[in-house]
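Trainee: Take this structure first; my questions come after.
The values are calculated or read from the model by the stated rules, or taken from the named source; none is laboratory data. Being a predicted model, the structure only gives us computed values, none of them experimental. Cβ atoms come from the backbone with ideal geometry, glycine included; neighbour counts cover every protein chain shown. Protein only, heavy atoms only, side chains kept; ligands, DNA and RNA dropped before computing areas. Shrake-Rupley method; radii C 1.70, N 1.55, O 1.52, S 1.80 Å.
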Amino acid sequence: MRRLMRALERERRDGGELTQTEIAQLTGYSLTSVCSWMGGKGNPSIQCVVDVAQVMGLEIRFVRRKGDDE
């Protein structure tokens, strides 16, 4: 999850649309938690990652890789 959250942080910086403070306010998570996750620290749940992606206008999909269904 850390890698995924760091990827969201890169997307946030590159897009320049939302601050970490705004993400915290929109998701209802604390600013401390959001900053920690976006900085690659902490270990957010899948739901936290999905919530953050959603307020950023992104969608997270979990897709089974080919060959993993055996």
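Trainee: Take the solvent-accessible surface of the protein heavy atoms, probe 1.4 Å, and return the percent of it on the chain that carbon and sulfur atoms account for.
Mentor: About 44 percent, which is the carbon plus sulfur part of the accessible surface.
Trainee: Still on this structure, please answer the following. For the chain, run through the trypsin sites (Lys or Arg not before Pro) and keep only the ones in DSSP coil with at most 13 other Cβ atoms within 10 Å of their Cβ.
Mentor: Taking the chain and a limit of 13 other Cβ atoms within 10 Å, the loop trypsin sites (Lys or Arg not before Pro) found are Lys41, Arg61, Arg64, Arg65, Lys66.
Trainee: Oh, and also: Accessible area per residue of the stretch 15-61 at 1.4 Å probe, in Å²?
Mentor: Details: 2760 Å² over 47 residues.
With the other protein chains kept in place, the stretch 15-61 gives 59 Å² per residue.
Trainee: So what's the net charge close to Ser30: Lys and Arg +1, Asp and Glu -1, counting the other residues with Cβ under 15 Å from its Cβ? Show your work: numbers first, answer last.
Mentor: Details: positive: Lys41; negative: Glu22, Asp51.
Around Ser30, the surrounding residues sum to -1.
Trainee: Let me ask you something else. Hey, what number do you get for the chain at 222 nm if only DSSP H runs of n ≥ 4 count, each worth -39500 (n - 2.57), divided across all residues, to the nearest 500?
Mentor: Result for the chain, helices only: -17000 deg cm²/dmol.
Trainee: Further question on the same structure: At 0.36 nm per residue, and after removing the present C-alpha to C-alpha distance, how many nm does the segment from Ala7 to Glu59 gain when stretched out fully?
Mentor: 17.4 nm
Trainee: Over the Cα atoms of the chain, Rg to Rh with Kirkwood Rh, two decimal places?
Mentor: Working: Rg = 12.9 Å, Rh = 12.5 Å.
Reported Rg/Rh (Cα atoms, Kirkwood Rh): 1.03.
Trainee: So for the pair Leu18, Gln47, with labels modelled 7 Å out along Cα→Cβ, what separation do we get in nm?
Mentor: 1.7
Trainee: Quick one: helix 46-55 against the long Cα principal axis of the chain, what's the angle to the nearest 10°, folded into 0 to 90?
Mentor: With rounding to tens, the tilt is 60 degrees.
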